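Here is the structure we will look at.
FYI, it's all coordinate maths here, none of it is from the lab. Remember, it's a predicted structure, so these values are computed and weren't measured experimentally.
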Amino acid sequence: MEPEREDKVMAVLSAWNRGDFDAFFDWLAEDVEFVMDPSWPERGPLRGEEVVGFMRGWIDSWDRLELIVHEVESTDATVVMRCTWKVRGHASGADVTHDLSLVYELDDELRLRRLHALFDHERALEVARAVG
């Protein structure tokens with residue numbers, strides 16, 4: 001099942017990088033949960049419509065959004081990506097990069113059930129192992 005999960009995640013991220021954000025929102029399970037790194041200023045976890053609202057606001061803050069994937073690992077239940085966000089501020093025009101790791105938990109229908117965004121890759125791997 002891992003290749004199928006990885007393929008689904010990569011397809012949605014490819015759509016995201018093309019600016020097709022609806023593909024991302026269509027992928028979310030109704031009860032999706034977004035767990036952010038504890039050092040982020042936003043508090044989490046966010047659930048359901050909170051995730052949608054947060055992500056739409058985040059998208060609107062940037063003129064350019066690109067996720068560059070450096071490494072992909074899978075467990076039976078997760079897909080873990082070490083990646084870099086490259087964004088350009090909408091108001092400032094400033095280019096910003098963030099290195100982070102994303103842990104995707106998909107349900108049986110390959111919809112995104114839970115997303116962890118962490119700045120420490122080892123912590124992301126711990127989360128993935130704990131999920132299964």
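From the helices alone, meaning DSSP H stretches of at least four residues, give me the mean residue ellipticity at 222 nm for the chain, per-run term -39500 (n - 2.57), in deg cm²/dmol to the nearest 500. Intermediate values should be presented prior to the final figure.
Working: 4 runs with 46 residues, N = 132.
Only helices count here, giving -10500 deg cm²/dmol.
Translational D (Stokes-Einstein, µm²/s) of segment 23-72 at 25 °C and 0.890 mPa s when Rh comes from the Kirkwood sum over C-alpha pairs? Display every interim value, and only then the final one.
Details: Rh = 12.4 Å.
This corresponds to a translational diffusion coefficient of 198 µm²/s.
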